[in-house]
2 protein chains.
Amino acid sequence: MGKNKQKTKAEILTITIPLFANEGYAGVSMRQIAKAVGIKAASLYHHFPDKQTLYIEALAQAFGKHADFMNEAFTLQATPEQRLRQLIHKLCILVTEDADFSRLMQREIMDGDEKRLKLLADQVFSDFFHDMNRLCRSFAPDRDPHLMTVSILGLVIYHYQIAPIRCFLPGFQASHNDPDIIGQHIFTLLKNEIEL
Amino acid sequence: MGKNKQKTKAEILTITIPLFANEGYAGVSMRQIAKAVGIKAASLYHHFPDKQTLYIEALAQAFGKHADFMNEAFTLQATPEQRLRQLIHKLCILVTEDADFSRLMQREIMDGDEKRLKLLADQVFSDFFHDMNRLCRSFAPDRDPHLMTVSILGLVIYHYQIAPIRCFLPGFQASHNDPDIIGQHIFTLLKNEIEL
DNA sequence: GTCTATAAAGGGATAGAC
DNA sequence: GTCTATCCCTTTATAGAC
């Protein structure tokens, strides 16, 4: 009844996502993808017209997975301080637990052309970013909300990005990879900004 | 007298660096490099035994270029506050003005194997990171210096990383790409940390 | 929906002339 | 030090059998 086709397509994408996340678009061949999926390369072209499309759909699946988180991170009614703490905590968990998502995002911001970036911004980040701006305004009304939002994202994301080399850098301790420790550090860093 | 060989080698690397920075290792072919340099692909193998070596030497040249900055950022005698402001300012200028350096670094942290990352950490960042830890201790003695150092780097670097998509995100203004504006924002964000 | 076979192009790398 | 020519392999993608 055609249900297998859809299922197989999503399965292919699920298997493909970590490959693109770890090796990049140019670093993964259709043969490698096919091998990982368990079919021959030619069969991939039954599901996707070309490699580009396969990549774009993998992106869409990887990013769509977290749409809920993006929208739910701001629902709870609480003080700005509590909401900021919650948000930082959830962001730390997100980047730590879905490395594929984070890496794909990083690569896409690096390599995506203008058209793809605009799509990513509008369809994935717009609402989330807007909510973050609003949160920033609520606890730091005198600050530029856009700059604050980027700063908070940078604080969380860079601690994750630098993880592969961090263990070789001066002052490293194992606890520095713990999302709770990192989240707590970032929250106290920003706490002074909060107007009580 | 063999002086041309050295000169040409450095010239090749200079031309190659932006290619690897923009397209990544797998995204650039020896033929593309040769074309950019203005010679044939086979001639590249007179200077470098293989593509890997060419890439590594390009990294070395791109990173070595900023060794002075890394070491000079902490020489001036001043209050911790002044030194922090100076450092943030110089970092903002660095990542803004040498996009190739920043992108290569980002790719290398993402894709480098353990051996290359250890080399990068020891030979490029060790002293700089150590100095940053010391600076952090001087203005925020109660904080973990490693976490503080990474946070400061993340604040600066992420504002640069997100630049390609930033203009599509809510609240963007042209001034958000100005290193002076970003630097000022980050400094005031950290200023509350400073023990006067 | 997957397979084999294959086309057409591009990849890294080498040999040997100049 | 650069060239042409070439080797051998991989790549993306298609055609057509099952």
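The values are calculated or read from the model by the stated rules, or taken from the named source; none is laboratory data. If you're wondering where the values come from, they're calculated on a predicted model, not measured in any experiment. So basically every Cβ, Gly included, is an ideal-geometry build from the backbone, and we count neighbours across all protein chains shown. We work out accessible area using only protein heavy atoms, side chains counted, and drop any ligands, DNA or RNA first. Shrake-Rupley method; radii C 1.70, N 1.55, O 1.52, S 1.80 Å.
Each row is one residue, and each column tells you yes or no for (1) within 28 Å of B:Phe20 (Cα to Cα); (2) modelled with pLDDT of 95 or more.
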{"residue": "A:Arg31", "(1), (2)": "yes, yes"}
{"residue": "A:Gln52", "(1), (2)": "yes, yes"}
{"residue": "A:Ile56", "(1), (2)": "yes, yes"}
{"residue": "A:Gln61", "(1), (2)": "no, yes"}
{"residue": "A:Ala67", "(1), (2)": "no, no"}
{"residue": "A:Leu76", "(1), (2)": "no, no"}
{"residue": "A:Gln86", "(1), (2)": "no, no"}
{"residue": "A:Val95", "(1), (2)": "yes, yes"}
{"residue": "A:Asp98", "(1), (2)": "yes, yes"}
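Scanning segment A:28-42 for residues that are part of a loop (DSSP other than H, G, I, E, B), near DNA strand C (Cβ under 10 Å from one of its atoms) and not β-branched (Val, Ile, Thr) yields a count of 2. Looking across segment A:162-184, the residues that are in a helix (DSSP H, G or I), at the interface with chain B (Cβ under 10 Å from one of its Cβ atoms) and surrounded by fewer than 20 Cβ atoms within 10 Å (Cβ to Cβ) come down to A:Ala163, A:Pro164, A:Ser175, A:Ile181, A:Gln184.
Of all the residues in segment B:43-60, those that are more than 8 Å from DNA strand C (Cβ to nearest atom) and acidic (Asp, Glu) number 1. For segment A:96-115, the condition of being in a helix (DSSP H, G or I) and in contact with a Ser or Thr (Cβ under 9 Å, 6 or more places away or on another chain) holds for at least one residue.
Only one of the numbered conditions (1) within 12 Å of the chain's Cα centre (by Cα); (2) open to solvent by 30 Å² or more (accessible area, probe 1.4 Å) is not met by A:Cys92, and that is (2).
Just wondering, is there one or more residues in segment B:132-149 that are among the aromatic types (Phe, Trp, Tyr), more than 7 Å from every other protein chain (Cβ to nearest Cβ) and under 18 Å from B:Phe74 (Cα atoms)? The answer is yes, given that some residue of segment B:132-149 is among the aromatic types (Phe, Trp, Tyr), more than 7 Å from every other protein chain (Cβ to nearest Cβ) and under 18 Å from B:Phe74 (Cα atoms). Of the residues making up segment A:118-146, those that are closer than 18 Å to A:Ile88 by Cα and in a loop (DSSP other than H, G, I, E, B) number 1.
Do the conditions hold for B:Ala67, that is, is it in contact (Cβ under 8 Å) with a residue 40 or more places away in the chain, under 17 Å from the mean Cα position of the chain (by Cα), within 16 Å of DNA strand C (Cβ to nearest atom) and on the phi < 0 side of the Ramachandran plot? No, not satisfied. Residues in segment B:72-86 that are touching a residue at least 60 places away in the same chain (Cβ under 8 Å) and in a helix (DSSP H, G or I): 4 in all. Restricted to segment B:43-70, and to residues there that are loosely packed, with under 15 Cβ neighbours inside 10 Å, within 16 Å of DNA strand D (Cβ to nearest atom) and not in a helix (DSSP H, G or I), the residue that is farthest from the other protein chains (Cβ to nearest Cβ) is B:Pro49.
Filtering segment A:30-39 to residues that are more than 8 Å from DNA strand D (Cβ to nearest atom) and open to solvent by 30 Å² or more (accessible area, probe 1.4 Å) leaves A:Lys35, A:Ala36, A:Val37, A:Gly38, A:Ile39. Restricting segment B:136-161 to residues that are crowded, with 21+ Cβ neighbours inside 10 Å and hydroxyl-bearing (Ser, Thr, Tyr), which is farthest from A:Met105 (Cα to Cα)? My answer is B:Thr149.
Within segment A:95-111, which residues are among the acidic types (Asp, Glu), within 14 Å of chain B (Cβ to nearest Cβ) and open to solvent by 20 Å² or more (accessible area, probe 1.4 Å)? The answer is A:Asp100, A:Asp111. In segment B:71-83, how many are closer than 15 Å to B:Lys191 by Cβ and surrounded by 13 or more Cβ atoms within 10 Å (Cβ to Cβ)? Residues flagged as closer than 15 Å to B:Lys191 by Cβ and surrounded by 13 or more Cβ atoms within 10 Å (Cβ to Cβ) within segment B:71-83 amount to 3. A Cβ distance below 8 Å, combined with a sequence gap of six or more or placement on separate chains, defines the contacts here; from segment A:131-148, residues that are under 22 Å from B:Tyr160 (Cα atoms) reach residues that are open to solvent by less than 10 Å² (accessible area, probe 1.4 Å) and of a type in the set (Val, Ile, Thr) in the pairs A:Met132/A:Thr149; A:Met132/A:Ile152; A:Asn133/A:Thr149; A:Cys136/A:Thr149; A:Cys136/A:Ile152.
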